[in-house]
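> Dumping the structure here so I can ask a few things about it.
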Amino acid sequence: MNSEELLTQERRLQFDRFGNDVAIELGLHLLDAARAQGLPVAISVQRNGHRLFHAALPGTAPNNDRWLERKARVVELFGHSSFYVGETFREKGTTFEAESRLDPDLYAAHGGVFPVILRGTGPVGTVGVSGLPQAEDHAFVVAELESFLNSRDA
């Protein structure tokens, strides 16, 4: 995916409201989907830096939590998905690690964390997974976010 396709996802996948109850429902939605697919992922949902949901399925390790934190910091700083941020650097012929001047122990522009965007407000949190290759982490979050938002509109 290129950066424009990734931005289109962000424009499309937005919430009308996002409180603790919605965050927990979203986390449970991702947890159910990951279990159904047998995915070894850790899941995190945050609002304004407050972790409201966390789960770690069999096959994950503490390092998955560290990846989630590093990717979430990128989303919080840039206001875009961690995959989008990494892709913008790749499209310029460089890497996030080489050009961002951010500590790679604290920031990772790898796919898997998506901004929680409140319609009319902007990013207010993050939702993400860690445990798969970055494109798969991103694709899972996007697919389940879309499913979750569509089910709430029905």
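> Exactly which trypsin sites (Lys or Arg not before Pro) in segment 62-154 are in a DSSP loop and have at most 16 other Cβ atoms within 10 Å?
Answer in residue order: 92, 101, 119.
> Nearest 500 deg cm²/dmol is fine: what mean residue ellipticity at 222 nm does the chain get from its DSSP H runs of n ≥ 4 alone, each adding -39,500 (n - 2.57), divided by its residue count?
-16500 deg cm²/dmol
> Give, in nm to one decimal, the length gained when the segment between residue 146 and residue 21 is fully stretched (0.36 nm per residue of separation minus the Cα-Cα distance).
43.2 nm
> Determine ³J(HN,Hα), in whole Hz, for all residues of segment 23-35 in sequence, where each value follows from phi through the Karplus function 6.51 cos²θ - 1.76 cosθ + 1.60 and θ = phi - 60°; x replaces Gly and Pro.
For segment 23-35, the Karplus curve yields 4, 5, 4, 4, x, 5, 4, 5, 4, 4, 5, 5, 5 Hz.
> Further question: Could you work out what % of the accessible surface of segment 13-154 is carbon and sulfur, using a 1.4 angstrom probe and leaving DNA, RNA and ligands out of the count?
The value for segment 13-154 is 50 percent carbon and sulfur by accessible area.
> If you don't mind, there's one more thing I want to ask. What are the residues whose amide H is under 5 Å from the amide H of residue 52, where those residues sit 5 or more places off or on another chain and H is modelled from the backbone?
45, 46, 47
> Can you give the accessible area per residue of the chain, in Å², using a 1.4 Å probe?
48
> Note the direction-averaged projected area, equal to a quarter of the hull surface, for the Cα convex hull of the chain, in nm².
8.6
> Follow-up question, since we're still on this one. Using the Cα centre of the chain as the reference point, and only Cβ charges (+1 on K/R, -1 on D/E), how large is the resulting charge dipole? Debye, rounded to the nearest 20.
260
> Sticking with this one: Got a sec? Charge dipole of the chain, +1 on Cβ for Lys and Arg, -1 for Asp and Glu; which of 48, 135, 64 is way out at the positive end?
So the residue furthest toward the plus end is 48.
The values are calculated or read from the model by the stated rules, or taken from the named source; none is laboratory data. Please read these numbers as outputs of a predicted model, since none were measured by experiment. We place every Cβ from the backbone using ideal geometry, glycine too, and count neighbours over all the protein chains shown. The area values use the complete protein model at the heavy-atom level, side chains included, leaving out ligands, DNA and RNA. Shrake-Rupley method; radii C 1.70, N 1.55, O 1.52, S 1.80 Å.
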